[in-house]
Amino acid sequence: MNTTEHLLTCLAEEAAELSQACAKALRFGLDDQYPVGDKSNQDKIAKEFNDVLAIMDMLQNGGWFTTKLNTKVVSNRLIAEKISRVRNWMEYSRARGMLRE
């Protein structure tokens, strides 16, 4: 296994941990702390998200990860485009009566 493969494995693991933290928040609430005294689910999501960003940063700064367009991994433009797409789908979901609030 080379360094890129190792970091990609770490990235997959961290993404899975982020997914698990999100699922627990959906099941038990963002403010739930289990076991007592542990971090809340919201805190766990923030931690796992930052763990994902850390691995992405290592891939980018190590020169092991570049996009076809040679853009940075964290791109404000790509983030803004994704936010726009998610908001559009949320509006569609509201219109279908599936999303409240």
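Restricting to the stretch 5-52, and then to whatever is among the hydrophobic types (A, V, I, L, M, F, W, C) and in a loop (DSSP other than H, G, I, E, B), can you tell me which residue is farthest from residue 74 (Cα to Cα)?
Pass one, the stretch 5-52, residues among the hydrophobic types (A, V, I, L, M, F, W, C): 7-8, 10-12, 15-16, 18, 21-23, 25-26, 28, 30, 36, 45-46, 49, 52.
Restricting the remaining residues to those that are in a loop (DSSP other than H, G, I, E, B) gives 30, 36.
Values: 30: 26, 36: 35 Å.
So the residue we want is 36.
Residues are listed down the side, and each one gets a yes or a no for (1) assigned to a helix (DSSP H, G or I); (2) at pLDDT below 95:
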{"site": "68", "(1), (2)": "no, yes"}
{"site": "72", "(1), (2)": "no, yes"}
{"site": "77", "(1), (2)": "yes, yes"}
{"site": "80", "(1), (2)": "yes, yes"}
{"site": "84", "(1), (2)": "yes, no"}
{"site": "91", "(1), (2)": "yes, no"}
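For the stretch 1-51, give me each residue that is at pLDDT below 95 and of a type in the set (Val, Ile, Thr).
Across the stretch 1-51, the qualifying residues are 3, 4, 36.
Contact list please: Cβ distance under 6 Å, first residue in the stretch 33-51 and under 13 Å from residue 19 (Cα atoms), second residue surrounded by 16 or more Cβ atoms within 10 Å (Cβ to Cβ) and of a type in the set (Gly, Ala, Ser), pairs at least six apart or on different chains.
41/25; 44/21; 45/21; 48/21
The values are calculated or read from the model by the stated rules, or taken from the named source; none is laboratory data. What you see is a predicted model; the values in this text were computed from it and never measured. Cβ atoms come from the backbone with ideal geometry, glycine included; neighbour counts cover every protein chain shown.
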